[in-house]
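What follows is a set of notes on a single structure, which appears directly below.
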Amino acid sequence: VFELPPAQMLSPDLALKLQQAGTLPAGIRLQSRLPAALWKDLAAWLKANPAIPPALFEQAKPWYAALLIGQVEMQKHGLTPEQGLDIHFMERAGKDRKPVAGLEQASEQIALFEGMDEAVQLQLLKESLQTSAGADRELRQLHDAWKAGDVDSLEKLTVTDFQARYPELNQRMNIDRNRAWLPQLAAMLDAEASDDALVVVGTLHLLGPDGVVQDLRRKGYTVERIK
């Protein structure tokens, strides 16, 4: 079980749908939607990344521009989606002919971005540009903590920092989705006598007081970390 059903996650249509949803109406440019300081930061980022066509951003909504920046920064540091654990397990499940499912639909994820008010979109774009400035150090710290299984460091670097700086964004991107997933996760646990499930989600969803681990514990489940 993944955040999205593999058929949707691996479909080329997903990128197209994201692009369509993330494009401003004809005649409107991203610059007109941004405060001068934020536009200046974006222009500086584009200048520092000359291989990225500025035209990609001309009609991008702020949330879509933030996604594009995040993708570029990850790929610059060798972190490509094709190497993600979700893709690894999707391919493995296909080879082993295991049934697969998703906790949410691609349309729900797109609607999550589409439903952001202007202030949250600008916040997301600002966050992506700030992260890119120290991307090498921050990504190295995250990767090292993840690889070492250092939960305390991971929580401080992700949930604690995100909640402190962007509480509304954290509520929408993380906490609300965790709550929506909880009944599905509980149902799978309750059916363990007849079936087993491996659930693969992003680390952010597992950590902190509002992560699914603590949510399950509050509902009376015993959650054990396996090293």
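The values are calculated or read from the model by the stated rules, or taken from the named source; none is laboratory data. Keep in mind it's a predicted model, so treat the numbers as computed, not measured. We place every Cβ from the backbone using ideal geometry, glycine too, and count neighbours over all the protein chains shown. SASA here: full protein model, heavy atoms, side chains in, ligands and nucleic acids out. Shrake-Rupley method; radii C 1.70, N 1.55, O 1.52, S 1.80 Å.
Once you have the Cα-Cα distance between TRP39 and ALA119, take 0.36 nm times their residue separation minus that, and quote the gain in nm to one decimal.
Numbers: separation 80, 0.36 × 80 = 28.80 nm, distance 1.46 nm.
Going from the current span to full extension adds 27.3 nm.
Using the basic label-point model (7 angstrom from Cα toward the beta carbon), what is the ALA26 to ALA148 distance in nanometres?
Distance between the two pseudo-spin positions: 5.6 nm.
Over the chain, with a Gaussian network built from C-alpha contacts below 10 Å, which listed residue (LYS17, LYS156, LYS95) shows the highest mean-square fluctuation?
Answer for the Gaussian network model of the chain: LYS95.
Rounded to the nearest 0.05, what FRET efficiency do LEU182 and ALA111 have when you use their Cβ-Cβ distance and R0 = 22 Å? Before the final figure, lay out the partial values.
On the way: r = 19 Å, r/R0 = 0.88.
The value I calculate is 0.70.
Using the per-residue mean of other Cβ atoms lying within 10 Å as a proxy for protection, in what order, highest first, do the peptides 182-190, 24-32 fall? Let's see the in-between values first.
On the way: 182-190: 14.3, 24-32: 11.3.
The most tightly packed comes first, giving 182-190, 24-32.
Roughly how far apart, in whole Å, are the Cα centres of the stretch 59-101 and the stretch 1-49?
So the separation of the two Cα centres works out to 15 Å.
Calculate how steeply helix 135-148 sits against the longest principal axis of the alpha-carbon atoms of the chain, using the helix alpha-carbon long axis, and give the answer as 0 to 90 degrees to the nearest 10.
10 degrees
Would you work out which of LEU122, SER194, HIS143 lies farthest towards the positive end of the dipole of the stretch 117-199, given +1 charges on the beta-carbon of Lys and Arg and -1 on that of Asp and Glu, about the Cα centre?
Of LEU122, SER194, HIS143, it is LEU122.
Rounded if a/c is under 1.5, else prolate if a/b beats b/c, else oblate: with a ≥ b ≥ c from the C-alpha gyration tensor eigenvalues square-rooted, which is the stretch 78-124? Write down the numbers at each step before the final one.
Values: a/c = 5.79, a/b = 1.93, b/c = 2.99.
Taking the square roots of the gyration eigenvalues as a ≥ b ≥ c, the stretch 78-124 is oblate.
Enter the angle in degrees (range 0 to 90, nearest 10) between the Cα long axis of helix 12-21 and the first principal axis of the Cα atoms of the chain, meaning the one along which they spread out most.
50 degrees
Give me the percent of accessible area attributable to carbon and sulfur for the chain, probe 1.4 angstrom. Show your work: numbers first, answer last.
Details: 7610 of 13660 Å².
Within the chain, the accessible surface is 56 percent carbon and sulfur.
First select every other residue whose beta carbon is under 11 angstrom from the beta carbon of GLN171; then total the charges, Lys and Arg +1, Asp and Glu -1.
Around GLN171, the surrounding residues sum to 0.
Just subtract the alpha-carbon distance of LEU56 and GLN171 from 0.36 nm times their residue separation and send over the number in nm, one decimal. Don't skip to the end; give the middle numbers.
On the way: separation 115, 0.36 × 115 = 41.40 nm, distance 2.87 nm.
So the extension gain works out to 38.5 nm.
Mind putting a number on the dipole of the chain about its Cα centre? Charges go on the C-beta only, +1 for Lys and Arg and -1 for Asp and Glu, and I need it in Debye to the nearest 20.
On the way: 25 positive and 31 negative charges, 96 e Å.
Computed about the Cα centre, the dipole is about 460 debye.
Can you work out ³J(HN,Hα) from phi for every residue in the stretch 149-163, in order, using Karplus 6.51 cos²θ - 1.76 cosθ + 1.60 and θ = phi - 60°, giving whole Hz and x for Gly and Pro?
Coupling constants for the stretch 149-163: x, 7, 5, 4, 5, 4, 5, 5, 6, 10, 4, 4, 5, 5, 5 Hz.
Which value in nm describes the separation of the simple spin-label points at GLN71 and GLU192, placed 7 Å from the Cα toward the beta carbon?
3.8 nm
Using packing as a proxy for protection, rank 161-174, 117-130 so that the peptide with the highest average count of other Cβ atoms within 10 Å comes first. Mind showing how you got there, number by number?
On the way: 161-174: 15.6, 117-130: 18.1.
Averaged packing, sorted descending, gives the order 117-130, 161-174.
Taking a spot 7 Å from the Cα of ARG92 along the direction of its beta carbon, which residues of the stretch 177-209 have an amide N less than 16 Å from it?
196-203
Can you give me the accessible area per residue for the stretch 37-153, using a 1.4 Å probe, in Å²?
Details: 6970 Å² over 117 residues.
The answer is 60 Å² per residue.
Packing-wise, with mean Cβ within 10 Å as the measure, how do 215-223, 61-69, 4-12 rank, highest first?
On the way: 215-223: 12.1, 61-69: 22.9, 4-12: 15.6.
My ranking of the peptides, most packed first, is 61-69, 4-12, 215-223.
I'd like the orientation of helix 36-48 relative to the chain: the angle between its Cα long axis and the longest Cα principal axis, in ° from 0 to 90, rounded to 10.
80 degrees
Given the Cα-Cα distance of GLU82 and ASN49 and 0.36 nm per residue of separation, how much length would full extension add, in nm?
Numbers: separation 33, 0.36 × 33 = 11.88 nm, distance 2.22 nm.
Extra length from GLU82 to ASN49 when fully extended: 9.7 nm.
So what is the relative contact order for the chain, in percent, with contacts set as C-alpha pairs under 8 Å and at least six apart? Let's see the in-between values first.
Working: 173 pairs, mean separation 59.2, N = 227.
Value for the chain: 26 percent.
Amide H neighbours of GLN59 under 5 Å, counting only residues 5+ apart in sequence or on other chains, H built in-plane at 1.01 Å?
Here LEU30 satisfy the definition.
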